[in-house]
1. Hand me the trypsin sites (Lys or Arg not before Pro) from the stretch 158-222 located in a DSSP loop with no more than 15 other Cβ atoms within 10 Å, in residue order please.
2. Binning every alpha carbon pair distance of the stretch 26-138 at 5 Å from zero, what are the percents per bin?
3. Enumerate the calculated ³J(HN,Hα) couplings along the stretch 129-140 in order (Karplus 6.51 cos²θ - 1.76 cosθ + 1.60, θ = phi - 60°), each rounded to whole Hz, writing x wherever the residue is Gly or Pro.
4. Can you give me the angle between helix 193-203 and the longest principal axis of the chain, using Cα atoms only, in degrees from 0 to 90, rounded to the nearest 10?
5. Could you give the alpha-carbon Rg of the stretch 147-222 over 2.2 N^0.38 Å, rounded to two decimals?
6. What are the chymotrypsin sites (Phe, Trp or Tyr not before Pro) within the stretch 1-64 that DSSP puts in a loop, where the Cβ has at most 16 other Cβ atoms within 10 Å?
7. Calculated from DSSP H runs of 4 or more alone, at -39500 (n - 2.57) each and per residue, what is the 222 nm mean residue ellipticity of the chain, nearest 500?
8. Say we join alpha carbon atoms closer than 10 Å with springs in a Gaussian network model of the chain; which of Glu154, Glu134, Glu198 then has the biggest fluctuation?
Amino acid sequence: MSLNKSKGNMYPWCDYTWNPIRGKCPHECSYCYTKRFPLGSLHLDEKSLRDDLSKAKTIFVGSSTDMWHFDVPSSWLIPVLDKCWEYSEVTFLFQSKNPTRFQYMPLPPNSIIGTTLETNRSTENISKAPNPIERASLMYYEKRGTGRAMISMEPIMDFDLKEIIEWFGMWIKPEFVSIGADSKGHNLPEPPAEKIKELIQELEKFTEVRIKNNLKRLIALA
């Protein structure tokens, strides 16, 4: 069974995670928590397609690997999405650093699409994923259906405020932004507390900001 109660540092607003597609993520982000585990090659766990998803309210589908990477065949994604279509009362989060694939797949209308934008600056030294500017532009084009989109700034890295606000406020217009910090000491270039406070203030002018507990290491929150 791949449906599991959400715990640890996962999104608190998702009560379950579901990982029918598993294996080592091809993005190989240096900070990824899954690098601690021997995950093996990417594969579809067909037994997971028999899971009962009705007990959940919101499910993060694909929390342990980016199932939207081009290394994942469409023939794996289709049965996963078909399963999601069976549960109209469940909200499904699909998050990817390769959001261009969202447009090619039949996402259920009860979906939220998202991407990670840790910064607006280049991440080529820490990840094989598309650079943030590409992810942001793809989210601008791929936001569709219910129009529900979110952004994760975790682990937040130093950024240029003007560009971030332009991306979020003018391009993507997310329903909310989730902000968190590196939890495992990966020596990332992190922003100072005052800069994070200014970011939060600017974001709150046009969207909801969801602050994760691990951000307290970088900023004192009242």
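1. Numbers: sites: Lys162, Lys184, Lys195, Lys197, Lys205, Arg210, Lys212, Lys216, Arg217; in loops: Lys184, Lys205, Lys212.
Taking the stretch 158-222 and a limit of 15 other Cβ atoms within 10 Å, the loop trypsin sites (Lys or Arg not before Pro) found are Lys184, Lys205.
2. Over the stretch 26-138, the share of Cα pairs per 5 Å bin runs 2, 10, 21, 23, 20, 15, 8, 2, 0 percent.
3. 6, x, 5, x, 5, 5, 4, 5, 5, 5, 5, 4
4. 60 degrees
5. 1.05
6. Numbers: sites: Trp13, Tyr16, Trp18, Tyr31, Tyr33, Phe60; in loops: Trp13, Tyr31.
Passing sites in the stretch 1-64 are Trp13.
7. Working: 4 runs with 40 residues, N = 222.
Theoretical 222 nm ellipticity from helices: -5500 deg cm²/dmol.
8. Glu198
A short reminder: the numbers here are calculations on the coordinates, not readings from a lab. Computed from a predicted structure; not experimentally measured. As a convention, Cβ positions derive from the backbone with ideal geometry for all residues, glycine included, and neighbour counts pool all protein chains shown.
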